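Structure record follows, encoded as structure tokens.
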Amino acid sequence: MTSGERKRILILGSTGSIGRSACSCVRRFRERFEVAGLAAGSNIDLLAEQVTEFAPSAAYITAATNADALRDRFGGNVKVYDGSDGASGLERIVEECDYDILLNALVGAVGFRPTVAALKRGKRVALANKESLVIGGDYIRTIIGQNQRGAIPALLPIDSEHSAILQCLPQGGADGSVESIIITASGGPFRNQPEEALASVTPEQALNHPTWSMGKKITVDSSTLMNKGFEVIEAHHLFSLPYDKLRVCVHPQSIIHSLVEFHDGAVIAQLGLPDMELPIQYALSWPHRLPIGGKRLRLSDIRSLEFFEPDMGKFPCLSLCIEAGRIGGTAPAAVNAANEVAVDLFLNKRIGFTDIARIVESALKGHSPVKADSVEVIEGVDREVRERVSRRDMVC
Ligand code: NDP
Ligand code: MG
């Protein structure tokens, strides 16, 4: 392969769990991928290490003082952006940097504008930041254009369930032969806890995920099953399927990453050990596969695979999120904003675990949804709900 065919990747959130694994993929295939730019929130030490290793032409870090330190260290070789104008530095690196694929591994609604900016430039987005589609899926689909078969390949999912679905679908799209999609869920650390015990579980317990190692926010979202609700909305937009065709199944071993049921009764699943390197690499190499060494799935080691219906009563965030998806418009943006603030309050021990669902429910009930047809409308709802929840005038 010649250097002209190398894909240039702009990695947002490079210091996080997905971002670091994305860097490993580039490291593994230097002849195929190169890093065009890197963006981080606050971890300047790791970002500087990554800039030294990958020599990108652009970097972003939120604090202006950190950005100055990078400018001093790397001189004119790297154009350094910062967040002194709010989130616009992130948007500018996406608009100005020279790249082929944006890999968006930011956490939370802050990832929305960069996704939009890349798609408006006609760039492909390898998407880990599911919040982009949760809050702005309708709007994002209008940017991509009318595509009956969903958002592929403008958006390629990194989320393991959606990567699994993509791998099960012929030619990457859901056509009329798809009867349903079954999104698997580990069930999180509290799957076997009695419902009465949930009010007093601690952040440390919520962060102890049974099968995946991930950033803090998504780990808490997995423990409430909010993450699975987000993934239902994400699948709705990615594959252009109605909510009636999207189901959730608890599968504690996290070996089957999701399944597609076809109208002739065939069910195709993608299996693998729980490791994000495969879905990240597949999003970068799609529609081709590249090798990954290391541990292999041995079914005889796993021995048994279990499946259960999700307990919607015990984990109300799942049904609240799906309800918001069905309502549509800005309802999912309201749920997402309330959840982001509530998860932060929970991690800082200012509210209990079950208050997260109460806050989200109150935000959804108190919100009058409108069409989510512009960045301004979506961000306006995001801001308003955050302010309301932060003022704690929600039922708690
Ligand atoms: P992490 O918390 O590990 O990483 C988040 C990254 O975003 C860090 O690099 C962080 O920088 C950066 N960041 C956070 N806030 C800002 C900001 N305001 N401005 C600029 N950079 C910011 O999260 P994960 O990697 O776990 O998750 C990332 C996304 O991928 C989420 O949307 C998650 O739902 C999704 N996802 C994650 C999976 C996983 O296995 N981790 C699986 C499937 C989806 P810094 O640390 O330097 O402050
Ligand atoms: Mg997932």
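Some notes on this structure:
- Mean-position separation - Cα centroids, region 111-141 and region 57-98, in angstrom: 21
- Note on the chain: with a GNM built from Cα contacts shorter than 10 Å, the maximum mean-square fluctuation among 233, 302, 322 falls on 302.
- Looking at the chain, the accessible area is 42 square angstrom per residue; that uses a 1.4 Å probe and ignores ligands, DNA and RNA.
- For the listed residue pairs 79/295; 7/245; 7/295; 245/365; 216/365, the alpha carbons are over 29 angstrom apart in 79/295; 7/245.
- Taking only the C-alpha atoms of region 188-318, Rg followed by Dmax gives 16.2, 48 Å.
- Cross-link partners of residue 228 among aspartates and glutamates (Cα-Cα below 14 Å; sequence separation of 8 or more within a chain): 131, 159, 161, 309, 311, 323
- Ordering of 9-22, 345-358, 235-248 by packing is 9-22, 235-248, 345-358, highest average first (other Cβ atoms within 10 Å, averaged per residue).
- When the alpha-carbon atoms of the chain are used, the pair Rg, Dmax equals 20.3, 62 angstrom.
- The Rg/Rh ratio of region 72-127, with Rg taken over Cα atoms and Rh as the Kirkwood radius over Cα pairs, comes to 0.98.
- Relative pair counts by distance (%), Cα atoms of region 91-162, 10 Å bins: 21, 60, 18, 0
- Carbon/sulfur fraction of accessible area - the chain, other protein chains in place, 1.4 Å, %: 48
- Comparing 193, 270, 50 in a Gaussian network model of the chain, where Cα atoms under 10 Å apart are tied by springs, the biggest mean-square fluctuation is seen for 193.
- Gap separating the Cα centres of region 167-218 and region 240-288, nearest whole Å: 13
- About the Cα centre, charge dipole magnitude for region 1-71 (Lys/Arg +1, Asp/Glu -1 at Cβ), debye: 280
- Note on the chain: with a GNM built from Cα contacts shorter than 10 Å, the maximum mean-square fluctuation among 312, 276, 214 falls on 312.
The values are calculated or read from the model by the stated rules, or taken from the named source; none is laboratory data. Everything quoted here is computed from the prediction, not taken from an experiment. So basically every Cβ, Gly included, is an ideal-geometry build from the backbone, and we count neighbours across all protein chains shown. Accessible surface areas use protein heavy atoms only, side chains included; no ligands, DNA or RNA. Shrake-Rupley method; radii C 1.70, N 1.55, O 1.52, S 1.80 Å.
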